[in-house]
Each structure stands twice: as C-alpha cells, then as structure tokens.
Amino acid sequence: MELLYNLQRRSSGLGFRKNRDVCIPRLVNFKNDTHQRSISFQENVEESECLVGRFCPFNQRDGLYAVADELGFVYFQRVAEKKKPERLENRINLHNNAIFDLQWFKSRSGEIYIVTASGDKTVKIANFARLEDQTILTEHQQSIRTICTHPDQPGFLASSGRDGNIVIYDDRSPTYQVSNVIVNAHIEKCRTKGPVTVKAINKSVTALALRDPNTLISGGFTDGTIKVWDLRRTYLKNVAKQPLPLHVFKVGATVSSLSVTDSLLYASCSNHSIYCFNANTYNSNPVCKFVGHDTNSAYSSYMHASVSDCGHYLASGSFDGSIFLWSTQLDRCITEQGEKYPQVHPVARLVGHEKEVTCVQFGTVTDQLMLLSLSDDKTHRIWRPTPVLDKTDEENPIEGKTEIIHHGFFASQSMRIASEPPQVKCRLLRPFPSFVHEPESVIHQCSPRVRKCSTNWLTALSPQNSSPGSSPASASRSRAKVKRSLSTDRKSAKRLKMSSPIKGYITIQPKAH
C-alpha cells in the first residue's frame with residue numbers, strides 16, 4: 001500500500017515520501033517473530049528478561065538488531081522472512097550484571113561498534129566485526145543507566161549513571177579518554193541558614209539525547225527536570241559548583257527516555273504522559289502531552305518510547321502489556337484542551353504481550369516499517385505490516401494484532417489513498433512578453449539593431465600592431481577594408497531616428513611637445 005501511494009505521488013509529479021499511515025493499522029506479530037529466551041536460543045540456562053533492544057541504524061537492509069538481558073548477554077539477530085523462523089546470529093557475554101542500555105556506535109573511521117551500559121559500573125565498546133576486540137571504560141562510581149550516540153554524528157559517545165555525572169568521551173584516542181564531565185547534573189538543592197547543601201539521596205541521570213553536535217539534553221530522576229547543555233563549554237573547571245545548563249524544562253516526574261526529531265523533543269515520564277517540547281525555541285511550556293497509557297509501576301523508569309522514521313508516530317509501552325501509538329500531527333488526532341496545552345489520545349494499540357512492555361523501537365528494513373518490543377513476560381517481538389489481516393496460516397499464525405482506537409483517523413487516510421492520487425496545485429503566471437522571437441516586442445522597439453563592426457579598426461590602423469612579416473601592400477589592403485566597413489557603419493547610423501539631437505560634444509587637443 002505504501003509503494004502504491006508513492007507511485008501515485010510520482011505519477012502526479014511529486015516525490016517519494018515516507019508515509020506510514022497505511023502501515024500502522026496493519027502491524028501484526030507472527031509466531032515466528034515471537035522469541036522467548038529459552039526457546040529461541042536453545043540453551044538450558046536460566047530465563048532472563050531482555051531490558052533493551054535496538055535496531056542497527058547503519059545497515060537497515062539486513063534488518064540487524066540487538067537485545068540485551070539482565071544477565072549481561074547481548075544477542076544479535078536479523079529480521080527473517082515470515083515463513084522462516086528467525087535464527088540466532090551471534091551472542092556475547094559483555095557484563096556480569098544487568099545491561100540497562102545498548103546503543104550502536106559508528107567511529108570516524110567507519111567501523112561499527114556495540115556499546116553497553118551495565119550495573120557493574122562499566123561501559124564496554126565491542127567491535128561488531130571482531131567481538132573479542134573490546135574497550136572497557138570505568139569513569140563512573142555507580143551503575144550506569146544510559147548511553148547516548150547519534151547515527152549522523154560519528155564518534156560521539158556519552159554516558160550517565162546513578163552518580164549524577166555525564167561523561168563525554170573522545171574516540172580519537174584508542175582508550176577513549178574523557179573530553180568533558182558534567183558533575184552533579186541533576187540534584188536537589190536544600191536551602192539552610194548556612195551555605196547551600198545538596199541532597200545526595202538519588203541524583204541519577206536516566207536519559208540522554210543529542211540535539212546537534214554542540215547540544216546535549218539530559219533527564220533526571222529526582223528533580224524531574226530536562227536540562228540542555230552546551231558542549232562547547234568546559235565543565236571540568238568548576239567541579240565544586242553546580243553546573244549551569246543552557247535551558248531547563250520542568251516536568252515534575254522521572255524522565256525515562258528522550259527522543260529528538262527535527263525541532264521537537266519527546267520526553268517519556270513516569271506520570272502516565274509523554275511531553276513534547278519545542279527544541280528550537282526552548283519554550284518552558286510543552287507543545288502537547290500524550291496520554292492514555294499506564295506507567296504505574298516500580299520499573300516505569302525503564303520504559304523507552306520511540307518515534308517513527310517519518311516523525312508522524314510515537315510508540316510507548318504500558319503496564320497492561322499493550323503498546324500505544326499516537327499521531328504527532330495535532331490537526332489530525334483527537335485532542336483535549338488541558339490547562340495550558342492540549343492532551344493527545346492514542347490512535348491505536350498493539351495487543352500481544354502478557355506483561356508490562358518496557359522498551360519499544362521503530363526500525364526500517366528495506367524501506368518497510370518494523371517495531372521491536374520487549375516485555376517482562378521474557379519475550380521480545382517483531383511487529384511488521386501485512387497486506388492481508390484475515391489470512392490464517394497454521395504454521396505461522398498471527399499472535400498479536402493492532403486495535404484501532406480512532407477509526408476515523410485511519411479511515412480517512414485509506415479512502416484518500418484508494419480513491420485517487422494526490423492532486424497537484426499549479427499557479428497561473430502572468431504572460432511575460434517575449435524579448436527574442438517577436439520583432440514587435442519591447443526590446444526591439446527600444447533598441448534598433450545596428451550592425452557591429454567585425455574588424456577592430458584601432459588594431460588594424462595602428463602601425464605598431466602590424467605583423468612583422470606583412471608587406472606594405474597587405475597593410476594598405478587591410479586599411480582600405482577597414483575604411484569601407486566604417487563608411488558602411490556611418491551610413492547605417494545616419495538612418496537611425498534620434499530622439500533628441502546632440503547639443504554638445506567634446507574635443508581633444510593633441511599635447512604640444
């Protein structure tokens with residue numbers, strides 16, 4: 001359906017556009033795309049929950065993704081065909097504790113790495129081509145909660161943890177030396193009679209996102225704020241003082257994940273809402289708030305939201321085992337006017353998991369929309385669009401479907417795509433006069449044609465510029481030719497009707513020697 005829509009746009013003179021309105025209501029989960037740890041990997045080991053999973057943004061054609069569990073294992077898998085079960089590509093044990101975050105990292109040389117943050121206070125960087133080639137970073141004093149990389153900014157790597165510090169690394173050195181540290185990024189101040197003291201109960205930094213090469217955004221656990229940091233400043237000099245951010249957003253809840261797309265910032269919080277801020281103006285008031293899901297759980301800080309590649313859809317897990325989808329286009333979705341900003345309700349939800357869904361992420365495999373979800377039921381699932389929803393297959397049945405909440409939203413889109421291609425609106429321009437082909441045009445009436453002299457008479461008449469090998473006879477013939485051309489030009493110039501006669505002229509007297 002999406003290919004048909006793009007072909008209709010191309011036939012109308014428009015370019016291809018990523019439109020996921022047709023794919024969202026057809027997302028399903030097949031049996032071969034449901035993976036339980038003990039069954040999928042065929043190992044007689046203790047079952048564990050997968051806490052985080054990420055699609056590889058650098059190789060979208062192969063459908064490579066990685067999932068990490070609470071035992072310190074990272075599993076690399078690929079999205080296979082529908083009829084074939086997904087097979088295990090590789091496995092590596094990087095930590096002896098739970099892995100809280102996982103990111104794909106691309107160095108300046110072009111090599112792809114996998115970066116993990118664990119509760120053992122270390123960050124490990126493993127080369128995907130050579131998994132034995134690992135680098136261990138021990139810059140944090142407590143467990144590390146999140147890692148920040150960016151697919152369009154190679155070489156950028158930052159980490160944060162429960163100690164309240166944000167560490168930025170320099171990948172130009174083989175040991176990834178620290179280039180900048182933001183100490184006590186999210187803390188609570190306690191005013192007393194004496195100097196200002198800091199509550200050291202819990203100052204964890206739970207979320208990081210890169211806005212541009214010079215702007216880093218972080219979310220706190222205790223203070224309930226989102227802070228914007230200028231990476232061009234050096235925060236290592238004022239370690240004793242509290243660092244001063246560029247901007248501060250107050251949300252009043254724990255920030256579990258941050259996503260930046262174009263000019264919008266999405267912050268998933270533990271108060272059953274996802275806030276959307278303007279990342280260009282840094283307005284303290286949110287643009288809108290996405291509601292409808294349940295984050296009332298002790299593990300609500302581990303819920304990760306995701307934005308689709310087109311930027312029109314937002315997905316997040318819920319405590320009831322569902323995955324809720326919102327539309328980021330406010331003029332098309334159901335909204336309620338709140339106190340200061342509108343509240344957006346979901347348009348659809350994915351039903352299939354039995355327990356709380358902790359992490360979801362959108363991905364693209366051969367320009368096809370995919371969704372990866374991880375749950376506390378010790379399974380992770382791949383959701384993909386299918387053209388036929390009612391078709392049943394005994395070998396590979398459908399275990400999860402999409403339930404439409406806002407029927408009018410998708411009904412209008414399907415009717416618009418199926419009825420006729422998009423119309424091209426053209427503006428009628430004023431007819432401009434032709435300055436070349438029409439002899440009666442303005443330029444021909446204002447400036448009559450005068451035949452140009454083909455010979456440079458100054459060069460021809462001057463004896464200094466005559467060729468050394470030329471004879472006097474040839475020189476006289478060339479002078480006679482120039483005189484004839486000049487006389488012809490004078491006669492043609494006399495025929496011109498001058499609008500006003502010449503009233504004055506300038507004479508040049510030769511200099512007396």
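The values are calculated or read from the model by the stated rules, or taken from the named source; none is laboratory data. Keep in mind it's a predicted model, so treat the numbers as computed, not measured. Virtual Cβ from ideal backbone geometry, glycine too; neighbours counted across all protein chains shown. Ligands, DNA and RNA are excluded from the accessible area calculation, which covers all protein heavy atoms including side chains. Shrake-Rupley method; radii C 1.70, N 1.55, O 1.52, S 1.80 Å.
Descriptive notes on the structure:
- In the stretch 361-378, the qualifying residues are those that are part of a strand (DSSP E or B) and over 27 Å from residue 255 (Cβ atoms), and the one that is most open to solvent (accessible area, probe 1.4 Å) is 368.
- Filter pass, residue 349 being surrounded by fewer than 17 Cβ atoms within 10 Å (Cβ to Cβ), within 26 Å of the chain's Cα centre (by Cα) and not polar (S, T, N, Q): no
- Selection status of residue 28, at pLDDT 90 or above and β-branched (Val, Ile, Thr): yes
- Among the residues making up the stretch 223-265, those that are within 14 Å of residue 210 (Cβ to Cβ) and hydroxyl-bearing (Ser, Thr, Tyr) are 257, 259, 261.
- You will find that of 392, 335, 358, 386, the residue that is surrounded by fewer than 22 Cβ atoms within 10 Å (Cβ to Cβ) and at pLDDT 80 or above is 386 and no other.
- Condition check for residue 320: at pLDDT 85 or above, closer than 25 Å to residue 212 by Cα and assigned to a loop (DSSP other than H, G, I, E, B): no
Residues checked against (1) open to solvent by less than 70 Å² (accessible area, probe 1.4 Å); (2) free of Cβ contacts under 8 Å to residues at least 40 places away in the same chain; (3) farther than 20 Å from residue 359 by Cβ:
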| position | (1), (2), (3) |
| --- | --- |
| 102 | yes, no, no |
| 109 | no, yes, yes |
| 115 | yes, no, no |
| 125 | yes, no, yes |
| 143 | yes, no, no |
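- Picking from residues in the stretch 34-63 that are at pLDDT 90 or above and of a type in the set (A, V, I, L, M, F, W, C), the one that is surrounded by the most Cβ atoms within 10 Å (Cβ to Cβ) is 52.
- Selection status of residue 281, open to solvent by 20 Å² or more (accessible area, probe 1.4 Å) and either touching a helix residue (DSSP H, G or I) at 6+ places or on another chain (Cβ under 9 Å) or free of Cβ contacts under 8 Å to residues at least 12 places away in the same chain (or both): yes
- Residue count, the stretch 145-157 (criterion: open to solvent by 40 Å² or more (accessible area, probe 1.4 Å) and touching a residue at least 24 places away in the same chain (Cβ under 8 Å)): 4
- Filter pass, residue 136 being open to solvent by 70 Å² or more (accessible area, probe 1.4 Å) and modelled with pLDDT of 90 or more: yes
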